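Laboratory data are not the source of any read-out in this text; all were calculated from the coordinates shown. Only a predicted model underlies this, so the values are computations on that prediction, with no experimental measurement involved. Positions of Cβ are backbone-derived with ideal geometry, glycine not excepted, and every protein chain shown enters the neighbour counts.
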Ligand SMILES: Nc1ncnc2c1ncn2[C@@H]1O[C@H](COP(=O)(O)OP(=O)(O)O)[C@@H](O)[C@H]1O
Ligand SMILES: [Mg+2]
């Protein structure tokens, strides 16, 4: 508190103004995104250090960091992250490819849509965890059943977005192709594909988010490795620092993988750039 | 010479037939401007789309210089009511869409020449979202003109624009018409626009008793004056209301 008394109003004003200008500058987006986590961290620190919430329930940030560092030093942290990432990766690829193929088919052909879509929509209504017993029965308790569960999570958003994207292609744009005598290939290259890429990317991003949700479900249910396993381990051995640490790692890695998709998609979305930079801040991690 | 001969168009909507055009006939000379007017839903766009080859007529045929038109061709350019620019392509690529089969060098020359004609030099790299309504419609006109068509079809191209931009673009289209020796067929619901811009006006009637021609051509003599245009306006309005 003393510091604030020493700075007179004028200086404080200048300080605030330069901070404000900093936010307005080029890097304002990431910086603004950091404000909330910092506030949460401060509140958390306050609650933990003053023991407003018991330490056995809410450890201090230091303790969480220490726990993560211990794991990192023992090299097991890396292998836990790697195994979880691998599961999400295969699930994402599997579910993503299946959804892309089916999404294109049902989007393009009314017949195939009438044939498949009601069934797919019905399957979508099945709660994700209801798949677990079946997948374990089919694929065993190891990797395959987990990857299958994650694929299911990834599948639906990708499928739905892509199908809707294709169906919503503006017929008037196809007319422009016709009046200019574009052949099928040219129509796909210049009109159909660029028109659906944004929907597809949106689907992939929400698919990935669901993939991360489902990997936790899979790992909570039975695993000997992975970030979800660390959480269960923390629960069993009464180490809240480990649970919170794993939670934070989930958030960070989830955010990073989402950013990876976003960045690789960016060249295709240049035409609506202004819209998308607004979305970056609003991403769910 | 563009020949519209005995064109009818029947849309079949769940068993109920809808006659959008009935026995429409018109001979259009090279380098004429014709306006199509009539109540909304009377078949103006349908006629234009048939001329452009986007829609098949139920009876009759369209001939351009004695060749029957069956599908879109580079001889006939079309501009729709909305600019219909692809939001994911910049101005240059949007125009390129109509000359994809030509080589890069030709494309470059033609596109910059056409952009100059419509008064949009230096706009090649802009995205559609960065254009005003008038600019976007000019790009759409450029996309139609870059194929060097003989006939330009305009379907209410000015109706979404404010009056200042509209007057401006009227002038511009008129200049293009002169310099490129185009034949222009233009749909409009603005009768002043029709009389001031065009040589003749084709009124399409809304009611279409079977077997009876449903359109009527109004010849307008030159030279024109403000007074004469007002007279023509009144005549056309009366004919449309009686239809
Ligand atoms: N593809 C279509 N299918 C069925 N009816 C149509 C179709 N296109 C136009 N029509 C009908 O034909 C009539 C003429 O339409 P249109 O040519 O668009 O009129 P307008 O003179 O307003 O441009 C309208 O009644 C419209 O509902
Ligand atoms: Mg119309």
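Restricting things to alpha carbons, find the Rg to Rh ratio for the stretch B:155-206 using the Kirkwood radius for Rh.
0.96
Can you report the principal axis dimensions of the stretch A:159-250 using only the alpha carbons, biggest first, rounded to whole angstrom?
Per principal axis, max minus min of the Cα coordinates gives 70, 21, 17 Å.
Relative to the first principal axis of the alpha-carbon coordinates of chain B, what is the inclination of helix B:226-242, with its axis defined by its Cα atoms, in degrees from 0 to 90 and to the nearest 10?
Approximately 60 degrees, to the nearest ten.
If I histogram all Cα-Cα distances within the protein assembly as shown using bins 10 Å wide from 0, what percent of pairs lands in each bin?
Taking all Cα pairs of the protein assembly as shown, the binned fractions are 3, 14, 18, 17, 14, 12, 10, 7, 4, 0 percent.
Cα axis of helix B:133-145 to longest principal axis of chain B: angle in degrees, 0 to 90, nearest 10?
Relative to chain B, helix B:133-145 is tipped by roughly 90 degrees.
Working out 0.36 nm times the residue gap between residue B:190 and residue B:216, then minus their Cα-Cα distance, what length gain in nm do you get to one decimal?
Gain on stretching residue B:190 to residue B:216: 7.6 nm.
Hey, for a label at residue A:112 modelled as a point 7 Å past Cα toward Cβ, could you say which residues of the stretch A:140-179 have their backbone N under 18 Å away?
Under 18 Å, as judged by backbone N against the label point of residue A:112, lie A:155-169 of the stretch A:140-179.
Return one number: the angle in degrees, 0 to 90 and rounded to the nearest 10, between the long axis of the Cα atoms of helix A:227-236 and the longest principal axis of the Cα atoms of chain A.
40 degrees
Which whole number gives the average count of other chain Cβ atoms within 10 Å of the Cβ atoms across peptide A:34-40?
0
Quick one: length gained pulling residue A:260 to residue A:62 fully straight, 0.36 nm per residue minus the C-alpha distance?
Extra length available between residue A:260 and residue A:62 comes to 68.4 nm.
Hey, what D do you get for chain A in µm²/s if you plug the Kirkwood alpha-carbon radius into Stokes-Einstein at 4 °C and 1.567 mPa s?
It comes out at roughly 58 µm²/s.
Per the Kirkwood treatment, what hydrodynamic radius in Å, one decimal, follows for the stretch B:77-214 from the mean inverse distance over all distinct Cα pairs?
The answer is 15.9 Å.
Using Cβ counts within 10 Å as a stand-in for footprinting exposure, how do B:74, B:179, B:45 rank, fewest first?
The order, fewest Cβ neighbours first, is B:179, B:74, B:45.
Considering only A:88, A:126, A:215, give the residue with the highest GNM mean-square fluctuation for chain A, with springs between Cα atoms whenever their separation is below 10 Å.
Among A:88, A:126, A:215, the largest mean-square fluctuation in the Gaussian network model of chain A belongs to A:126.
Does the stretch A:100-146 come out rounded, prolate or oblate, given a ≥ b ≥ c as the square roots of the eigenvalues of its C-alpha gyration tensor, rounded meaning a/c under 1.5 and, failing that, prolate meaning a/b above b/c?
Judged from the Cα gyration tensor, the stretch A:100-146 comes out prolate (a/c at least 1.5, a/b above b/c).
Among rounded, prolate and oblate, which fits the stretch B:1-113 when a ≥ b ≥ c are the square roots of the eigenvalues of its C-alpha gyration tensor, a/c under 1.5 means rounded, and a/b larger than b/c means prolate?
Prolate shape, in that a/c is at least 1.5 and a/b is the bigger ratio.
Rounded to the nearest 0.05, what FRET efficiency is calculated for residue A:78 and residue B:160 with R0 set to 51 Å and r the Cβ-Cβ distance?
Result of the calculation: an efficiency of 0.30.
Please report B:78, B:135, A:164 as a ranked list, fewest other C-beta atoms within 10 angstrom at the top and most at the bottom.
Listed from fewest to most nearby Cβ atoms, that is A:164, B:135, B:78.
For chain B, give the share of DSSP beta bridges that are antiparallel, in percent and rounded to the nearest 5; count only bridges with both residues there.
55 percent
Sort B:42, B:123 by Cβ crowding within 10 Å, fewest neighbours at the top.
With the fewest neighbours first, B:42, B:123 line up as B:123, B:42.
What Rg and what Dmax come out for the stretch A:123-170 when only alpha-carbon atoms are used, in angstroms?
13.8, 46
Between residue B:242 and residue B:113, 0.36 nm times their residue separation minus their Cα-Cα distance comes to what?
Separation in residues times 0.36 nm, less the Cα-Cα distance, equals 41.9 nm.
Provide the convex hull volume over Cα atoms per residue for the stretch B:158-243, in Å³.
Considering the Cα atoms of the stretch B:158-243, their hull volume per residue is 119 Å³.
Each label point is 7 Å from the Cα along the Cα-to-Cβ direction; what then is the distance between the points at residue A:188 and residue A:164, in nm?
Those two pseudo-labels are separated by 2.5 nm.
Choose one answer from B:108, B:12, B:70: the residue with the largest mean-square fluctuation in a GNM of chain B with alpha-carbon springs under 10 Å.
B:12
Within 10 Å of each Cβ of B:78-87, how many other protein chain Cβ atoms are there on average?
4
Compare A:190, A:200, A:44 in a GNM of chain A, Cα atoms joined below 10 Å, and give the one with the largest fluctuation.
Of A:190, A:200, A:44, the Gaussian network model singles out A:190 as fluctuating most.
What is the average number of partner chain Cβ atoms found within 10 Å of a Cβ in A:178-188?
The mean count of partner-chain Cβ atoms within 10 Å per residue comes to 5.
Where the convex hull is taken over the Cα atoms of the stretch A:34-188, what is its projected area averaged over directions, in nm²?
Projected area, direction-averaged: 15.8 nm².
With runs of 4+ DSSP H residues as the only contributors, calculate the mean residue ellipticity of chain A at 222 nm using -39,500 (n - 2.57) per run, divided by the residue total and rounded to the nearest 500.
That comes out to -26000 deg cm²/dmol.
If we restrict to alpha carbons, what Rg and Dmax does the stretch A:86-166 come to, in Å?
For the stretch A:86-166, the Cα-based Rg and Dmax read 13.2, 39 Å.
For the stretch B:81-145, just say rounded, prolate or oblate: build the C-alpha gyration tensor, square-root its eigenvalues into a ≥ b ≥ c, call rounded for a/c under 1.5, and beyond that prolate if a/b exceeds b/c, oblate if not.
prolate
At 222 nm, what helix-only mean residue ellipticity would chain B give, in deg cm²/dmol to the nearest 500, using -39500 (n - 2.57) for each DSSP H run of four or more?
-10500 deg cm²/dmol
Evaluate 2.2 N^0.38 Å with N set to the residue count of chain B, then give the Cα radius of gyration divided by it.
1.03
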